[in-house]
Amino acid sequence: MKLRNGLAAIIGIWFIISPWIFDYSDQEGALWTSVAVGAVLLIVSGWALCQEDSSGWAVWQTWVSLLAGIWFVIQPFVFSLESGAMWTTVILGAVTIILNLWTMASAKS
């Protein structure tokens, strides 16, 4: 679980810096949602990383991270991002969703 939360935190960092890498920092809505939701993903994944047991369906950080992943799958279509930014955002959003569903499903019995 620590690896999955760590990967989600790194993905959060990526979304914070991606508007400048893919040169869509001039699109104010796309810029600020990417930075804000990326920061939320970084914070909640880092927080979950520090918890003793961050698995299961009841862990709120995992739900917030899952919602961030869903947003990143939708974001390129809302803001009409270019092809490179679009595919990177969709793929990393999907990876975030998968990591969080995997973490939720791996609850200790």
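The values are calculated or read from the model by the stated rules, or taken from the named source; none is laboratory data. These figures come from a predicted structure and were not determined experimentally. Please note: Cβ atoms are built from the backbone with ideal geometry, for glycine as well, and neighbour counts cover all protein chains shown. Each accessible area value is taken on the protein alone, full model and side chains, heavy atoms only, with ligands, DNA and RNA left out. Shrake-Rupley method; radii C 1.70, N 1.55, O 1.52, S 1.80 Å.
Which distance in nm do the two modelled labels at Val73 and Ala94 give, with both placed 7 Å along the Cα-to-Cβ direction?
0.9
Quick one, which of [x] 43; [y] 57; [z] 37 is the actual percent of Cα pairs over 19 Å apart calculated for this model?
[z]
Over the chain, average the accessible area per residue using a 1.4 Å probe and give it in Å², no decimals. Could you put the intermediate results ahead of the total?
Values: 5820 Å² over 109 residues.
Solvent-accessible surface per residue comes out at 53 Å².
Could you work out how far helix 28-50 tilts from the main Cα principal axis of the chain, as a 0 to 90 degree angle to the nearest 10?
20
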